[in-house]
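Trainee: I have a structure here, written as structure tokens, and I will follow up with some questions on it.
Derivation of every value follows stated rules applied to the coordinates shown; laboratory data play no part. Fair warning: this is a prediction, and the values are worked out from it, not measured in the lab. Here the Cβ positions follow ideal geometry from the backbone for every residue, glycine too, while neighbour counts run over all protein chains shown.
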Amino acid sequence: DSGVTQTPKHLITATGQRVTLRCSPRSGDLSVYWYQQSLDQGLQFLIQYYNGEERAKGNILERFSAQQFPDLHSELNLSSLELGDSALYFCASSVSGYTDTQYFGPGTRLTVL
Amino acid sequence: GQQLNQSPQSMFIQEGEDVSMNCTSSSIFNTWLWYKQDPGEGPVLLIALYKAGELTSNGRLTAQFGITRKDSFLNISASIPSDVGIYFCAGRPEYNNNDMRFGAGTRLTVKP
């Protein structure tokens, strides 16, 4: 158990819909990262937040957005969903967000029908 | 963005054999990490490397931070069935310490 929690574990929705994925970092970690992993693909970095502020952006679509709240939990919002958005979405956390290591949550499996 | 080049893509080995995999980049990296991912689970950190030339072990696993800072290696000795999974390398490039790049993974199958 990494100490990072993600909800829900599974999500099935239809094209055009909007969903919210939730992540709680490890106790004491200030940085949260979001990743997308498509079937048999590597991890694609989406976005990073540090202590409530956006720190870095990766391959995140404009239809996707995220935020980190004062209690440090984070939400990833995916809108106007397309079939190709079906994937595992992982959240990771780290203490500071620079050279320290990241610890991953169990992931949310999103299926868009 | 540019991902890391990880090889081999997959390996099929007999229990007891040693395994080697590597990760390369065209850019210099400050940090190299190795993760293992089981089906339906999140990646679990195995080894973290922070200095060129660093050699670090975690049980039967040994990883090295390449001298050129453009590569890293992971070795697994005396493989066992529970080593099955996907191994990912990851790293922070020197040109952007906020960024984390991942390899596509090495899928390891261990035959008893």
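Trainee: Among the numbered criteria (1) within 9 Å of chain B (Cβ to nearest Cβ); (2) part of a strand (DSSP E or B); (3) of a type in the set (V, I, T), which single criterion is violated by A:T111?
Mentor: (1)
Trainee: Oh, and also: Could you list all residues from the range A:48-59 that are crowded, with 17+ Cβ neighbours inside 10 Å and more than 11 Å from every other protein chain (Cβ to nearest Cβ)?
Mentor: Selection gives A:Y49 alone.
Trainee: Could you count how many residues in the range B:69-112 are of a type in the set (K, R), farther than 15 Å from B:D18 by Cβ and either within 14 Å of chain A (Cβ to nearest Cβ) or in a strand (DSSP E or B) (or both)?
Mentor: Residues meeting the conditions: 4.
Trainee: A:D71 versus (1) without any contact (Cβ under 8 Å) to a residue 24 or more places away in the chain; (2) more than 15 Å from the chain's Cα centre (by Cα); (3) within 24 Å of B:G105 (Cα to Cα): which is the lone unmet condition?
Mentor: Tallying (1) without any contact (Cβ under 8 Å) to a residue 24 or more places away in the chain; (2) more than 15 Å from the chain's Cα centre (by Cα); (3) within 24 Å of B:G105 (Cα to Cα), A:D71 fails exactly one: (3).
Trainee: Do we have any residue at all in the range A:90-101 that's of a type in the set (A, V, I, L, M, F, W, C) and under 11 Å from A:R22 (Cα atoms)?
Mentor: Looking for residues that are of a type in the set (A, V, I, L, M, F, W, C) and under 11 Å from A:R22 (Cα atoms), one finds at least one in the range A:90-101, hence yes.
Trainee: Next question. Search the range B:32-48 for residues being in a strand (DSSP E or B) and either of a type in the set (V, I, T) or within 8 Å of chain A (Cβ to nearest Cβ) (or both), and hand back the single one that is nearest to B:G91 (Cα to Cα).
Mentor: If we take residues in the range B:32-48 being in a strand (DSSP E or B) and either of a type in the set (V, I, T) or within 8 Å of chain A (Cβ to nearest Cβ) (or both), then B:L33 is nearest to B:G91 (Cα to Cα).
Trainee: Counting only residues that are within 11 Å of the chain's Cα centre (by Cα) and either loosely packed, with under 14 Cβ neighbours inside 10 Å or in contact (Cβ under 8 Å) with a residue 24 or more places away in the chain (or both), how many does the range A:26-46 have?
Mentor: Residues in the range A:26-46 being within 11 Å of the chain's Cα centre (by Cα) and either loosely packed, with under 14 Cβ neighbours inside 10 Å or in contact (Cβ under 8 Å) with a residue 24 or more places away in the chain (or both): 7 in total.
Trainee: What are the residues in the range B:1-28 that are in a strand (DSSP E or B) and either under 15 Å from B:Q64 (Cα atoms) or within 14 Å of another protein chain (Cβ to nearest Cβ) (or both), if any?
Mentor: Scanning the range B:1-28 gives B:L4, B:N5, B:Q6, B:S7, B:S10, B:V19, B:S20, B:M21, B:N22, B:C23, B:T24.
Trainee: All but one of (1) touching a residue at least 24 places away in the same chain (Cβ under 8 Å); (2) out of contact with any strand residue (DSSP E or B) (no Cβ under 7 Å at 6 or more places or on another chain) hold for A:E82, so report the exception by its number.
Mentor: (2) is the only condition that A:E82 fails.
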